[in-house]
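Novice: Sharing a structure, written as structure tokens. Questions coming.
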Amino acid sequence: MKLTTAEQMKELDRQAIEERGIPSIDLMERAAAGVAEAALALPLPKRPGKCRGAALCGAGNNCGDGNRRSPAAVF
């Protein structure tokens, strides 16, 4: 996994949107899906049905990356 600064991520987003023509909503949905998949891959608690999760979004445009509406998401 590669980590980026906020400034680097902003530039990568710009390149994806402007140079590759990827809609920003697609980028946000892909990011949210990746987080949901990673969360679902975590070991289940010993008490099924008692697991809770939260998506915390930092400063940005609109917190769209943390907004995932999917039956597979546990948040």
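No value in this document is a laboratory result; all are computed from the given coordinates. Computed from a predicted model, the values in this text were never measured in an experiment. All Cβ positions, glycine included, derive from the backbone under ideal geometry; neighbour counts span all protein chains shown.
Novice: If you stretched the chain out fully between Ala31 and Ala16, how much longer would it get, using 0.36 nm times the residue separation minus the C-alpha to C-alpha distance?
Specialist: This chain segment gains 4.1 nm when fully extended.
Novice: Just to check I understand the Karplus step: with θ = phi - 60° and J = 6.51 cos²θ - 1.76 cosθ + 1.60, what whole-Hz values come out for the range 36-44, glycine and proline as x?
Specialist: Residue by residue, the range 36-44 yields 4, 4, 5, 5, 5, 7, 5, x, 6 Hz.
Novice: Just order 26-37, 3-14 by mean Cβ neighbour count inside 10 Å, highest at the front, would you?
Specialist: Those peptides, ordered most packed to least, come out 26-37, 3-14.
Novice: Using amide H atoms built 1.01 Å from N in the peptide plane, name the residues 5+ places from Ile22, or on other chains, whose amide H lies under 5 Å from its own.
Specialist: Those qualifying (amide H under 5 Å, at least 5 residues apart or on another chain) are Ile17.
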